[in-house]
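Okay, structure first, notes after.
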Amino acid sequence: MEIPAKYNPAEVEDKWYSYWLDNNLFRSVPDNREPYCVVIPPPNVTGVLHMGHMLNNTIQDVLVRRAKMMGKNTCWVPGTDHASIATEAKVVAKLRDEGIDKNSLTRDEFMGHAWDWKEKHGGIILEQLKKMGAACDWERTAFTMDESLSESVIKVFVDLHSKGKIYRGVRMVNWDPQAKTAVSDEEVVYKEIQSKLYYLNYSFDGEDGHVTIATTRPETILGDTAVCVNPNDPRYANLKGKRLIVPLVKRSIPVILDEYVDMEFGTGALKITPAHDINDYTLGDKHNLETIDIFNDDGTLSEAAQLYVGMDRFDVRKKIVVDLEEQGFVEKIENYVNKVGYSERTDAVIEPKLSMQWFLSMKELAKPALDAILNEDIKLHPPKFVNTYRHWMENVKDWCLSRQLWWGHRIPAWYLPGGGYVVAENEEQALVQAKKKTGNQNLAISDLRQDEDVLDTWFSSWLWPISVFDGIRNPHNDDIKYYYPTNVLVTAPEILFFWVARMIIAGYEYRGEKPFETVYLHGIVRDGQRRKMSKSLGNSPDPLDLVKKYGADGMRMGMLLCSAAGNDLLFDESLPEQGRNFCNKIWNAFRLVQGWEVSSDIPQPNHSAVAVNWLNNLINHKVDVLNDYFEKYRLSEALMEVYKLFWDEFSSWFLEIVKPAYQQPIDSKTKEQVLEIFDKMLRLLHPFMPFITEELWQLIAVRKPGASIMVVPQPQENPFDDGVLTRFAEMKEIVAGIRNVRQEKNIPNKELLPLLIKSSKKLSPQLEGVIIKLAGIESLRYTEEPAEGSAGFLVGSMEFFIPLHGFVNEEEEKQKLQQELEYAKGFLGSVMKKLNNERFVNNAPAKVVEIEQNKKADAESKIKVIEERIAGMKSK
């Protein structure tokens with residue numbers, strides 16, 4: 001078959017991905033084989049492929065493809081997440097562009113727009129994953145708001161509520177004024193910013209004097225209901241029972257005493273705003289203080305603030321400082337660096353806010369999930385994240401489940417006409433419960449009002465390894481029994497608590513078992529300046545553009561080459577370029593081999609038989625190494641091992657040994673064995689580089705319809721002869737030594753050289769034949785004495801000499817040696833100055849003195865060798 005001169009990735013990739021799909025090679029159903037199951041971390045349904053996805057899914061694909069070649073029934077479940085906050089924000093922005101205000105729509109009308117958006121834009125990322133070769137079972141594609149998954153979410157909420165784990169109450173939450181919803185602690189990103197510290201004077205109520213407080217948020221004084229001092233602070237010993245007047249609003253508030261106050265911060269007097277600070281809320285609860293919520297949901301000031309009503313909080317900050325200064329309440333203003341919380345989703349400054357929300361009690365649920373990691377029932381790779389996990393789980397807080405959004409799973413709680421509520425899986429069940437709870441049999445559905453909020457997106461994705469197999473609704477179905485627990489979860493450390501820990505909790509709560517055996521945590525993709533890649537910085541290339549430029553295999557290899565587990569990947573375009581170059585190397589090697597003319601009349605030369613035996617032994621050894629790397633999830637090292645095996649050993653050494661002389665045929669036995677070895681190499685490479693390996697595997701031999709390298713076994717572990725590997729490594733050193741002499745002496749490769757060996761042992765005749773072929777040796781013989789006028793080198797205890805007479809200009813060689821001798825003597829002289837200096841020898845660290853003594857010995861040895869070579873040339 002005619003093999004194109006150049007590898008065309010685009011043509012090959014489309015052809016073979018369609019072939020894999022057409023032949024159902026990604027499809028998995030339960031059978032008698034050992035399962036190997038991976039569930040994809042579901043990307044946002046409206047997302048597009050970025051570099052992090054590329055890394056994450058390449059790792060998963062490598063693991064899945066290798067497991068399939070190990071004979072396992074692989075099932076990689078793809079899917080997307082409905083991403084409440086992100087998706088609703090996109091839909092609201094789209095409506096705004098069309099002149100539609102979300103608030104002018106009913107919930108059902110908005111949900112219609114949201115589903116239209118999802119159908120149009122959702123799932124693009126899954127199509128993009130196909131371009132990089134993802135071997136997902138696409139028939140199992142799931143979406144967190146699919147009917148079966150949604151029913152699972154509601155069922156779990158109802159169950160946890162019935163167990164007393166879910167409750168409703170007013171708590172301090174992280175409020176996102178842009179998205180107008182509560183967000184969890186884990187969705188708050190803290191940034192260090194340059195702020196101001198405002199020192200404000202609060203006058204005593206009914207007497208002269210004032211107390212100075214310090215705050216970074218002067219706008220919140222409108223919600224102050226106390227000032228707190230430490231009872232041990234001598235500066236404020238006389239304040240017990242006193243009251244102060246809040247500036248501008250002139251509200252009289254008490255002075256309270258509590259050891260919570262840090263006497264060293266600011267003035268030691270702390271303004272207390274229970275509605276807008278978590279610590280103030282705790283103090284307010286303890287001291288029974290009034291709570292005044294001065295903010296609307298959008299971050300503007302409410303009627304309760306009395307002043308600046310309807311103005312944005314940050315505009316108020318500027319205005320209130322001016323007003324406070326004009327009325328003489330500002331003592332001073334200082335520059336101050338502090339940490340401010342931002343919403344991970346919208347980047348809006350978080351506002352601590354009291355709000356009625358739904359919560360899940362976590363402490364009891366978390367215990368089995370903590371034990372599972374600590375006792376290594378679930379393994380984290382790399383294990384350095386165990387302590388992070390333990391810290392989170394030992395300090396776990398109740399999970400705020402409710403979000404003030406419309407897109408998502410609506411909370412299954414219905415409020416009763418006379419107060420109270422019921423929780424049920426649907427309206428019909430809610431009505432039955434409502435009638436029972438109220439005793440009113442005349443109640444109708446229209447009398448009940450369902451909670452407006454939706455559940456946190458993570459409350460659906462924490463069930464992902466169970467719900468994709470319908471294990472909540474149908475806990476004994478064949479799929480969940482066969483595929484659960486899954487084998488490995490591949491994800492990033494930043495969602496270790498967000499998602500991983502919660503999945504483990506759900507696994508033990510709803511299956512009584514871990515959701516996966518192993519968690520493989522990869523790093524973040526960064527640029528050369530170690531900045532996280534992002535659109536805003538303009539440092540994140542489009543992965544699909546790189547796939548077009550370097551091919552999917554080149555891109556995959558680039559991502560994997562330096563992405564050791566848990567370590568950040570410093571991405572540079574030279575990485576996929578290296579991958580593309582490797583593809584070309586593989587392609588050209590195959591073209592070389594297939595271009596050899598074959599003769600069945602020629603016996604196999606000894607050097608070819610030796611090379612075949614060596615490389616088969618080496619492959620057996622490397623299979624051992626690769627199995628160990630995969631077991632330890634050291635994929636980067638595994639890829640580098642196969643890369644070097646092909647580039648260095650197979651291409652640079654093996655093919656050089658076995659290739660026939662120019663315009664001469666190769667014997668049929670060697671050609672057959674070379675193709676068998678090439679087949680092994682392709683199978684080792686396939687998990688990393690699926691497209692080019694499929695193309696070449698199909699070209700090596702005629703295949704049956706539907707055949708694929710995907711389902712051909714990986715090379716198996718077999719015994720290997722360590723002696724063969726050692727002797728061949730020695731041979732490679734000898735050839736390298738001869739080539740170095742050629743290079744140093746400018747002797748052309750076409751010139752055949754004599755080789756003398758001084759050694760108590762002899763090389764095997766087979767290896768001698770390999771050396772003769774590779775190094776261009778005319779004659780090889782053993783000697784007792786070094787030949788005069790020769791270049792020499794050592795390999796182990798063996799000495800090798802190449803007589804240079806007739807190959808080099810002896811006068812030039814003498815001059816060169818003389819220069820080397822003078823340099824070596826000069827270097828020895830500088831070392832001896834130090835060693836002859838008693839102060840240096842007596843005072844320098846022993847290690848430093850030892851280094852100088854080693855330099856002396858090396859220099860003396862080199863001088864001796866050079867002088868012998870010069871003497872040999874003179875005597876001649």
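The values are calculated or read from the model by the stated rules, or taken from the named source; none is laboratory data. Predicted model only: the values in this text are computed from it and were never measured. Note: ideal-geometry Cβ built from the backbone for every residue, glycine included; neighbour counts use all protein chains shown. Please note that ligands, DNA and RNA were not included when accessible areas were found on the heavy atoms of the full protein model with its side chains. Shrake-Rupley method; radii C 1.70, N 1.55, O 1.52, S 1.80 Å.
Data overview
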{"quantity": "Protection proxy ranking of 459-470, 22-33, 410-421 - average other beta-carbon atoms within 10 Å, highest first", "calculated": "459-470, 410-421, 22-33"}
{"quantity": "Pairs beyond 27 Å (Cα-Cα), from LYS240/LYS363; LYS90/LYS319; LYS163/LYS379; LYS242/LYS286; LYS72/LYS622", "calculated": "LYS240/LYS363; LYS90/LYS319; LYS163/LYS379"}
{"quantity": "Whole-Hz ³J(HN,Hα) from phi, Karplus 6.51 cos²θ - 1.76 cosθ + 1.60, for region 447-459, glycine and proline x", "calculated": "7, 9, 10, 6, 3, 7, 7, 10, 7, 3, 3, 5, 6"}
{"quantity": "In sequence order, calculated HN-Hα J values of region 466-480 (Karplus, 6.51, -1.76, 1.60; Hz; x Gly/Pro)", "calculated": "9, 6, 5, 9, 6, x, 7, 6, 10, x, 10, 6, 4, 4, 5"}
{"quantity": "Normalised alpha carbon radius of gyration of region 412-457 [divisor 2.2 N^0.38 Å]", "calculated": "1.10"}
{"quantity": "Translational D in µm²/s for region 1-43 (Stokes-Einstein at 25 °C, 0.890 mPa s, Kirkwood Rh from C-alpha pairs)", "calculated": "177"}
{"quantity": "Viscosity 0.890 mPa s, temperature 25 °C, Stokes-Einstein D of region 591-638 from Kirkwood C-alpha radius, µm²/s", "calculated": "181"}
{"quantity": "Descending semi-axes in whole angstrom, ellipsoid equivalent of region 402-536, from the Cα gyration tensor", "calculated": "39, 22, 10"}
{"quantity": "For the chain, size of Cβ-based charge dipole, Lys and Arg +1, Asp and Glu -1, in debye", "calculated": "1360"}
{"quantity": "Compactness relative to 2.2 N^0.38 Å, alpha carbon Rg of region 1-144", "calculated": "1.32"}
{"quantity": "Cα gyration tensor, region 318-369 - rounded (a/c under 1.5), prolate or oblate", "calculated": "prolate"}
{"quantity": "Kirkwood Rh in Å, taken over region 734-876 so that all alpha-carbon pairs contribute", "calculated": "17.3"}
{"quantity": "GluC sites (Glu not before Pro) restricted to DSSP loop in region 382-458 with at most 14 other C-beta within 10 Å", "calculated": "GLU425, GLU452"}
{"quantity": "Area of SER600 that stays accessible when all protein chains are in place (1.4 Å probe, Å², to 10)", "calculated": "100"}
{"quantity": "Size of region 230-361 as Cα extents on the principal axes (Å, biggest first)", "calculated": "47, 46, 30"}
{"quantity": "Dipole axis of the chain (+1 Lys, Arg; -1 Asp, Glu on Cβ), positive-most option in GLN429, VAL831, ALA844", "calculated": "VAL831"}
{"quantity": "Electrostatic dipole magnitude of region 553-701 [Cβ: Lys, Arg +1; Asp, Glu -1; Cα centre; debye, to 20]", "calculated": "140"}
{"quantity": "Cα convex hull of region 64-149 - mean projected area over all directions, nm²", "calculated": "7.2"}
{"quantity": "Scaled radius of gyration (Cα, divided by 2.2 N^0.38 Å) that region 76-208 gives", "calculated": "1.58"}
{"quantity": "Sequence-distant residues sharing a close amide H with ALA275 (under 5 Å, placed H)", "calculated": "ILE292"}
{"quantity": "10 °C / 1.306 mPa s Stokes-Einstein diffusion coefficient of region 749-827, Kirkwood radius on C-alpha pairs, µm²/s", "calculated": "112"}
{"quantity": "Heavy atoms of LYS847 accessible to a 1.4 Å probe, total area in Å² rounded to 10", "calculated": "130"}
{"quantity": "Burial ranking of peptide ranges 684-696, 227-239 (average Cβ count within 10 Å, highest at the top)", "calculated": "684-696, 227-239"}
{"quantity": "Rounded, prolate or oblate (a/c below 1.5 giving rounded, otherwise prolate when a/b exceeds b/c) for region 26-110 by Cα gyration tensor", "calculated": "prolate"}
{"quantity": "Region 162-167 - phi-based ³J(HN,Hα) in whole Hz, Karplus 6.51/-1.76/1.60, Gly and Pro as x", "calculated": "5, 7, x, 8, 9, 9"}
{"quantity": "Computed over region 148-291, Cα set: Rg, Dmax in Å", "calculated": "19.7, 69"}
{"quantity": "Packing rank of 646-656, 497-507, where each peptide gets the mean count of other beta carbons within 10 Å, highest leading", "calculated": "497-507, 646-656"}
{"quantity": "Region 715-756 - Rg over Rh from alpha carbon coordinates, Kirkwood radius", "calculated": "1.23"}
{"quantity": "Listed residue (TYR36, VAL92, THR80) projecting farthest to the positive dipole end of region 1-92, Cβ model", "calculated": "TYR36"}
{"quantity": "Among beta bridges that DSSP assigns inside the chain, antiparallel share in %, nearest 5", "calculated": "70"}
{"quantity": "Projected-area mean, region 310-453, by convex hull of Cα positions, square nanometres", "calculated": "16.3"}
{"quantity": "Debye, to nearest 20: dipole size of region 1-103, +1 on Lys, Arg Cβ, -1 on Asp, Glu Cβ", "calculated": "300"}
{"quantity": "Coil-residue GluC sites (Glu not before Pro) of region 465-522, DSSP, other Cβ within 10 Å capped at 14", "calculated": "GLU513"}
{"quantity": "Largest-first ellipsoid semi-axes for region 474-619, taking √(5λ) over the Cα gyration tensor eigenvalues, angstrom", "calculated": "43, 28, 14"}
{"quantity": "Share antiparallel - DSSP beta bridges, region 465-617, percent rounded to 5", "calculated": "10"}
{"quantity": "Overall dimensions of region 656-760 as given by Cα atoms, namely Rg and Dmax in Å", "calculated": "19.5, 59"}
{"quantity": "Cα centroid separation, region 406-472 to region 654-701 (Å)", "calculated": "63"}
{"quantity": "Zero-based 10 Å bins, Cα pair distances in region 302-389, whole percents", "calculated": "11, 22, 25, 17, 14, 10, 1"}
{"quantity": "Furthest towards positive pole of dipole, SER759, ALA372, TYR508, structure part the chain, Cβ charges", "calculated": "SER759"}
{"quantity": "Three principal axis lengths of region 536-642 [C-alpha, angstrom, descending]", "calculated": "67, 32, 15"}
{"quantity": "Pairwise centroid distance, computed over Cα atoms, of region 158-200 with region 329-365, Å", "calculated": "7"}
{"quantity": "Convex hull (Cα only) mean projected area of region 434-507, reported in nm² to one decimal", "calculated": "7.8"}
{"quantity": "Using alpha-carbon coordinates, inclination of helix 51-69 to the longest axis of the chain, degrees", "calculated": "60"}
{"quantity": "Which listed pairs, of LYS15/LYS548; LYS155/LYS353; LYS102/LYS180; LYS15/LYS644; LYS659/LYS773, have C-alpha distances above 18 Å, in listed order", "calculated": "LYS155/LYS353; LYS15/LYS644"}
{"quantity": "Debye log10 I(q)/I(0) for the chain, one point scatterer per Cα, at q = 0.07, 0.11 Å⁻¹", "calculated": "-0.78, -1.29"}
{"quantity": "Over region 701-818, volume per residue of the alpha carbon convex hull, in Å³", "calculated": "179"}
